[in-house]
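Trainee: Sharing a structure here in structure tokens format.
The values are calculated or read from the model by the stated rules, or taken from the named source; none is laboratory data. Since the model is a prediction, treat every value here as computed from it, not as a measurement. Don't worry about glycine lacking a Cβ; one is built from the backbone with ideal geometry, like all the others, and counts go over all protein chains shown. Side chains included, ligands, DNA and RNA excluded: accessible areas come from the protein's heavy atoms. Shrake-Rupley method; radii C 1.70, N 1.55, O 1.52, S 1.80 Å.
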Amino acid sequence: MLPVKPSCLGRLRGGMSRNAVLKVICIGCIVTGLANVNTLFSSLSVTKDTPFASRKSLHFQVESDETKILQRRKTRVENQCAAANKPLLSAENAAMSVKGEQVEERAAEHKYPTWIVNDEGTRALYCIVPKTGSTNLRRIFAEVKSRKEKKTELFDWSKMTPVKSWHFGFDFLMQNSKSRIAEILQRPNSIKILSVRHPFERLISLYKMIFEGNRYENKTETFIQKVTNGVSSLIRRYLNRPYDKLNITFPMFIEYIVYHGKCVEEGNCTVSWYHAHWSPIWRMCRVCSLGYDLIMRMETFDQDLPEIFRLTNITKSTIYPEQWKRTSKGSMKKYFSQLSDKLIEDLKEMYKMDFKLFGYDYSKSDVFID
């Protein structure tokens, strides 16, 4: 309440009715309240030169065990990026990076394609990372974008097949102009979503999809066969056996990935659409440059998914068939026992930032360092 001196109050009482005195006091309360509101918003203000992603997030106001976990993941990424001297970029520089242009602070990032989808309806941006549950994320936003009315309703995963989601007409951020990208990155009340997975489990899942096939993605799908043919061709050329019907083993697959990763870092190789299937997440999604609000782990997809629905106001209930949930958990020992210690150490180095940023343990896929 606005303080009123006793002497002033006496004079007020002497010349005013009781109702008039109360009105004056109420006006004082309103003025004080507005001042407090101005103080609050000034504390959240951002100057023109402040990196856009450093603005205080209001997404985690609803306290729960899950939101606390997600906030810890976000904080971990911020701290690890700061420790690596990779600060957030301004919206203008971030837009250049997304377009594949070199930014001084990010010398090698521009070599990696950015599959970041912009959804105007939910004001969400999400980075498509192969083998991290990205098909399910595409299903969600494709189905919602197809709705004629903007309303929450039961979300039935069976309405959108994986193949349909792969070929859905999304608005990819990099297809916009730099000025438009900067505008999108700075829009209020938006949310940036990233899905991640243990780097080694991701490689195992990719190898199984390409060279072994499984009941979820088989070689009758044109898209999967195209990836298989493309990656096989890259590896055969590397092994200098381009015309040999070579049975590509897991060690051969990993040897090529390590070779190509080093080649890119040295500036002697480019990154194609095929290479993006195993590119380090932090580079492909510009993690330290953009600043993500919500980081999903494929290992905890069931727990994280409701938070996406809540923050984007997509649905209040969902049907998610158990048989559609994918995992390679328990496969690491089988596949990595085939690799030399040198190859494993090279892989650790290649995905070092992914391990640090997303809190994974090198040897155990279900151990999280939050």
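Let's see how each residue does on (1) at pLDDT 85 or above; (2) in contact with a Phe, Trp or Tyr (Cβ under 9 Å, 6 or more places away or on another chain); (3) acidic (Asp, Glu); (4) within 27 Å of Thr122 (Cβ to Cβ):
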{"residue": "Lys151", "(1), (2), (3), (4)": "no, no, no, yes"}
{"residue": "Ser158", "(1), (2), (3), (4)": "no, yes, no, yes"}
{"residue": "His167", "(1), (2), (3), (4)": "no, yes, no, yes"}
{"residue": "Asp171", "(1), (2), (3), (4)": "yes, no, yes, yes"}
{"residue": "Met209", "(1), (2), (3), (4)": "yes, yes, no, no"}
{"residue": "Thr220", "(1), (2), (3), (4)": "no, no, no, no"}
{"residue": "Asn229", "(1), (2), (3), (4)": "yes, no, no, no"}
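Trainee: Quick one: in segment 55-80, which of the residues that are within 13 Å of Gly291 (Cβ to Cβ) and surrounded by fewer than 13 Cβ atoms within 10 Å (Cβ to Cβ) is modelled with the lowest pLDDT?
Mentor: If we take residues in segment 55-80 being within 13 Å of Gly291 (Cβ to Cβ) and surrounded by fewer than 13 Cβ atoms within 10 Å (Cβ to Cβ), then Lys56 is modelled with the lowest pLDDT.
Trainee: Taking the criterion of being within 26 Å of Leu339 (Cβ to Cβ), surrounded by fewer than 21 Cβ atoms within 10 Å (Cβ to Cβ) and charged (D, E, K, R), would at least one residue in segment 245-256 satisfy it?
Mentor: Checked against the condition, which is being within 26 Å of Leu339 (Cβ to Cβ), surrounded by fewer than 21 Cβ atoms within 10 Å (Cβ to Cβ) and charged (D, E, K, R), segment 245-256 yields at least one hit.
Trainee: Shifting gears a bit: So which pairs qualify, if the first residue must be in segment 340-352 and open to solvent by 30 Å² or more (accessible area, probe 1.4 Å), the second must be part of a loop (DSSP other than H, G, I, E, B) and aromatic (Phe, Trp, Tyr), the Cβ gap must be under 9 Å, and the two must be at least 6 apart or on different chains?
Mentor: If the second residue must be part of a loop (DSSP other than H, G, I, E, B) and aromatic (Phe, Trp, Tyr), the pairs left are Ile344/Tyr362; Lys348/Tyr362.
Trainee: On to the next question. So which residues in segment 180-196 are buried (at least 19 other Cβ atoms within 10 Å of the Cβ) and out of contact with any Asp or Glu (no Cβ under 8 Å at 6 or more places or on another chain)?
Mentor: Kept after step one, since they are buried (at least 19 other Cβ atoms within 10 Å of the Cβ), are these residues of segment 180-196: 181-182, 184-185, 192-196.
Those that are buried (at least 19 other Cβ atoms within 10 Å of the Cβ) and out of contact with any Asp or Glu (no Cβ under 8 Å at 6 or more places or on another chain): Ile181, Ile184, Leu185, Leu194, Ser195.
Trainee: Continuing with this model, one more query. For Ser134, state whether it is of a type in the set (S, T, N, Q), touching an Asp or Glu at 6+ places or on another chain (Cβ under 7 Å), open to solvent by less than 50 Å² (accessible area, probe 1.4 Å) and in contact (Cβ under 8 Å) with a residue 24 or more places away in the chain.
Mentor: no
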